[in-house]
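Rule-based calculations on the coordinates, nothing more; no lab input. Being a predicted model, the structure only gives us computed values, none of them experimental. Glycine also receives a Cβ, built like all others from the backbone with ideal geometry; neighbour counts cover every protein chain displayed.
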Amino acid sequence: MNRRVRLLMVLAGGAGLAALLVAACLDMPGFGGDRHPYGDRAVHESLARRTANTIASVNFDQRAFDTLGEMTILFGAVLGTVVLLRQTRDERRAAPRPEDVAPPVRRYALAVLPVAVLTGLYVIAHGQLSPGGGFQGGVVAATALHLLYLGADYRALERIRPVGLYEVGDALAASAYLVLGLAGVLAGTAFLANTLLPYGTFNTLTSGGTVPLLNAAIGMEVACAVVVLLARFLDQAVEIEEESGT
Amino acid sequence: MNGWTTAATLTFAGGVGATVWGVATGPLRRRVVAQNLSSALACPGLLLLAQGYGRPAYVDLALVLALLGPVGTLVFARLLAEELAADPPASPWATWCAAGFAAVVVLVLCAATGPGRAMVKLLVTGALLTGGNLVASRALAGGFPGGRRG
Amino acid sequence: MDDPAVVVALLLVAAAATTAVAVRDPVRQALVLAVLGLALAVLFTVLQAPDVALSQLAVGSALTPLLLLLSVRKVRRRQKQETKGEPE
Amino acid sequence: MNRRTAFRAALGVLGWWVLLAGLWLVFVSAVDTLELVVGGVVAGIAAAAARGARGAVSGR
């Protein structure tokens, strides 16, 4: 198969794909129109399971299997980063030096850190009620911890951030999601089916069956994953340097 | 469209539009100030949208932005300390204008909401935003005198 | 498309995204990217997708700039080390 | 750590807990028992983070 044949095949495939895409676009409902076949069904299903936030119902109930895939992607990406950014044999660790920080900036960091942790956990816990969920809240909580690096220095952050524990937490949270899915199989329905728990009262913390639990698992997974990811980047940028003369 | 969403649209078109221009051109000291102002102006806009759409849950967006926007500016202040020390940004005028705008928007929204927990939430968001932006602006103008070290 | 807020948000995203591509220096690109994230969050909000907007705010406002600037710092430190021939 | 500093640390954590639990009450839309319990636990976690951060900064 020479170059020309390959090019022709790519062109033919691309033309077919383009034709299909154009055909699909021509048949799409108008922008901002009031006909939403999928949306109506999703809202109906989510209300039937008393989940106030339809997006949470789609993510963690109707398409919880997709979310499992997304979680696995994040898990694998962080794993890859940990392997790629490890300390190699010709590198050494230099102790991070203390940093001068203006007092108002330090006070701000110390005051906002707990508030941001609280907000992150609030976003996770109310994922089935209001905008937000495990991913958003987990990122907010993990970012909050790094205020300690911004408002003080890397040594202060290292004192309250044992990376090993966060790696374990990441794996545990990912397993918790799987176990919650398997619990559905053991209960006699399907993998990740939302039939285990009572659906609760609409618009309260317990509503939505397994949605809040899956949200919590994702929240922990994302928070730990972001902490581990940033730990590798910070190690490389602040601590690890190459041996002199190599 | 109602009055609230119109005000929000004007905020985005005028305020955030100006910061897009500011962050795209000029020396580094102007760009970091524009980045700080972008979150200071977008957050009141999001609050206005929440009021305009009549959805109190949308206030969470502004709350997260009020927390993380200044943190983002601190990231730039911290990791660009060496460059900024050579050419420090000084923008008390723009920063105080943005802070005043946010305060006015929050107070007007509080008056429209009426007393209650929702009003306290608005006030907390406004305090976090203005406080954070003022501290971030202070951090940009020499908040890390040691330059880049640890 | 007849909502002015949607039009303004789309224009902001288009302007910021074009700038992010046009700027060559990674540090300045990170600054533009932070503002682009904000414009995207506004666009998602006016399109009534607050969950996506919250994701964008959480990731785009502090996490992405931090990752980018840490990478820039590592690269610059290595360059400095190579030109000096000794650790700083 | 003598008794006096331990007492002050405990007081600091308690103060943070009260403040953060109050913030939780402001954030949530409707208050019920479970909301209060979860808020108390979460405020405890965040107060522990505040204490840890202060200790990490001053413990140099």
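Quick look at the values:
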read-out: Burial order of peptide ranges A:116-122, B:38-44, A:72-78 (average beta-carbon count within 10 Å, highest first); value: B:38-44, A:116-122, A:72-78
read-out: Choice from D:21, D:47, D:30 with maximal GNM fluctuation in chain D (Cα, 10 Å cutoff); value: D:30
read-out: Peptide B:132-141, shielding by other chains (average Cβ, 10 Å cutoff); value: 3
read-out: Shape of the protein assembly as shown, Cα gyration tensor, a/c cut at 1.5; value: rounded
read-out: Segments B:104-113, C:6-15 sorted - mean Cβ within 10 Å per residue, highest first; value: C:6-15, B:104-113
read-out: Cα-based shape type of chain B, given that a ≥ b ≥ c are square roots of the gyration tensor eigenvalues and the cut on a/c is 1.5; value: prolate
read-out: Spin-label pair residue A:182/residue A:70, simplified geometry with 7 Å Cα→Cβ offset, distance in nm; value: 2.4
read-out: Given charges at Cβ of Lys, Arg, Asp, Glu: chain C dipole, positive-most of C:62, C:7, C:39; value: C:62
read-out: Value at 222 nm in deg cm²/dmol, rounded to 500, when DSSP H runs of n ≥ 4 in chain C each add -39,500 (n - 2.57); value: -27000 deg cm²/dmol
read-out: Cα long-axis angle, helix A:211-234 against chain A (0 to 90 degrees, to the nearest 10); value: 40
read-out: Contact order normalised by residue count of the stretch C:4-84, Cα under 8 Å, 6+ apart, percent; value: 30
read-out: Residue D:58 paired with residue B:107, simple spin-label distance in nm, labels 7 Å along Cα-to-beta-carbon; value: 3.6
read-out: Likely footprinting exposure, A:153, A:34, C:51, fewest C-beta neighbours within 10 Å first; value: A:34, C:51, A:153
read-out: Acute angle (nearest 10 degrees) that the helix D:33-58 long axis makes with the longest principal axis of chain D, alpha-carbon atoms; value: 20
read-out: Overall form of the stretch C:4-84 per C-alpha gyration tensor (a/c, 1.5; a/b vs b/c); value: oblate
read-out: Residue C:17 versus residue D:3: modelled label distance in nm, points set 7 Å from Cα along the beta carbon direction; value: 6.7
read-out: Choice from D:26, D:41, D:13 with maximal GNM fluctuation in chain D (Cα, 10 Å cutoff); value: D:26
read-out: Average Cα contact separation per residue, chain A, under 8 Å, 6 or more apart, as relative contact order %; value: 27
read-out: Average other protein chain Cβ within 10 Å of Cβ, residues B:30-36; value: 3
read-out: Value of D in µm² per second that Stokes-Einstein yields for chain A, Kirkwood Rh from Cα pairs, at 10 °C (1.306 mPa s); value: 74
read-out: Relative contact order computed over the stretch A:48-173 (Cα-Cα under 8 Å; 6+ residues apart), in percent; value: 27
read-out: Fully extended contour minus Cα-Cα distance, from residue A:107 to residue A:26, at 0.36 nm per residue; value: 23.5 nm
read-out: Cα centroid of the stretch C:13-88 to Cα centroid of the stretch B:72-150, whole Å; value: 19
read-out: Order of A:79, A:230, C:38, B:68 under a 10 Å beta carbon neighbour criterion, fewest first; value: A:79, A:230, B:68, C:38
read-out: Computed helical MRE - 222 nm, chain A, DSSP H runs ≥ 4 contributing -39500 (n - 2.57), nearest 500; value: -21000 deg cm²/dmol
read-out: Cβ-Cβ FRET estimate between residue B:118 and residue A:243, R0 fixed at 41 Å, reported to 0.05; value: 0.10
read-out: Mean Kyte hydropathy of -0.5 or more with a Cα span along the axis of at least 24 Å, helices from DSSP in chain B; value: B:28-53, B:59-79, B:92-113, B:117-140
read-out: 10 Å Cβ neighbours from other chains, averaged over peptide B:4-12; value: 4
read-out: Gaussian network model of chain A, springs between alpha carbon atoms under 10 Å - residue of A:164, A:30, A:138 with greatest fluctuation; value: A:30
read-out: Computed [θ] at 222 nm, deg cm²/dmol, chain B (DSSP H ≥ 4; -39,500 (n - 2.57); rounded to nearest 500); value: -25500 deg cm²/dmol
read-out: Residues A:232, A:4, A:159, A:107, sorted so that the one with the fewest Cβ neighbours within 10 Å comes first; value: A:4, A:107, A:159, A:232
